[in-house]
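A.B. asks: Have a look at the structure that comes next, please.
The values are calculated or read from the model by the stated rules, or taken from the named source; none is laboratory data. Not measured: the values here are computed from a predicted model. Reconstructed Cβ throughout: ideal geometry from the backbone, glycine too, with neighbour counts over all protein chains shown. Ligands, DNA and RNA are stripped out before the accessible areas are found, and what is left, the full protein with its side chains, is counted by its heavy atoms. Shrake-Rupley method; radii C 1.70, N 1.55, O 1.52, S 1.80 Å.
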Amino acid sequence: MSTDFTSIQNHYERPVFEAVLAAQEHYLLGEDLLPDVACVALNRLPPRYIRHAVDLAFYQSEKERADSERAIADAVTYA
């Protein structure tokens, strides 16, 4: 099979990684455990697979975008 699936990604990965890094000063963990925090946060969010970020940005309403940002913040806070 020569089809390239490497462009498929979970929409929540990058924003969760960024949120964990932004909140790392609040954790009493070493940097080697931050990926575990990201895993816990990602497991609290529904999978949302995309090929290009513009795909989701184009089809999301402002309410959906705000709900997504809130869900990410809640998941990272929980983690």
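A.B. asks: For Arg65 paired with Ala23, estimate the spin-label separation in nm (one decimal), with each label point 7 Å from Cα along the Cα-to-Cβ line.
C.D. replies: My value for the distance between the label points is 2.2 nm.
A.B. asks: As a test of the formula, what do you get for the chain when each DSSP H run with n ≥ 4 contributes -39,500 (n - 2.57) and the sum is divided by the residue count, at 222 nm and rounded to the nearest 500 deg cm²/dmol?
C.D. replies: Calculated from helices alone, the mean residue ellipticity at 222 nm is -17500 deg cm²/dmol.
A.B. asks: Further question: For the pair Asn10/His52, report the inter-label distance in nm, with labels modelled 7 Å from Cα in the Cβ direction.
C.D. replies: Distance between label points: 2.4 nm.
A.B. asks: Just to make sure I understand: if all protein chains stay in place, what is the order of Arg65, Arg48, Arg70 by accessible area at 1.4 Å, largest first?
C.D. replies: So, going from the largest accessible area down, we get Arg70, Arg48, Arg65.
A.B. asks: Per residue, how big is the convex hull of the chain when only Cα atoms are used? Give it in Å³.
C.D. replies: Taking only Cα atoms, the chain has a hull volume of 107 Å³ per residue.
A.B. asks: What does the charge count around Ala38 come to, taking other residues whose C-beta lies under 14 Å from its C-beta (Lys +1, Arg +1, Asp -1, Glu -1)?
C.D. replies: -3
A.B. asks: Any number yet on Rg/Rh for region 20-63, C-alpha, Kirkwood?
C.D. replies: We get a ratio of 1.11 for region 20-63.
A.B. asks: Sequence gap at least 6, Cα distance under 8 Å: using those rules, report the relative contact order of the chain to the nearest whole percent.
C.D. replies: 46 percent
A.B. asks: In what order, largest first, do Glu13, Glu31 sit by accessible area if the probe radius is 1.4 Å?
C.D. replies: In descending accessible area the options line up as Glu31, Glu13.
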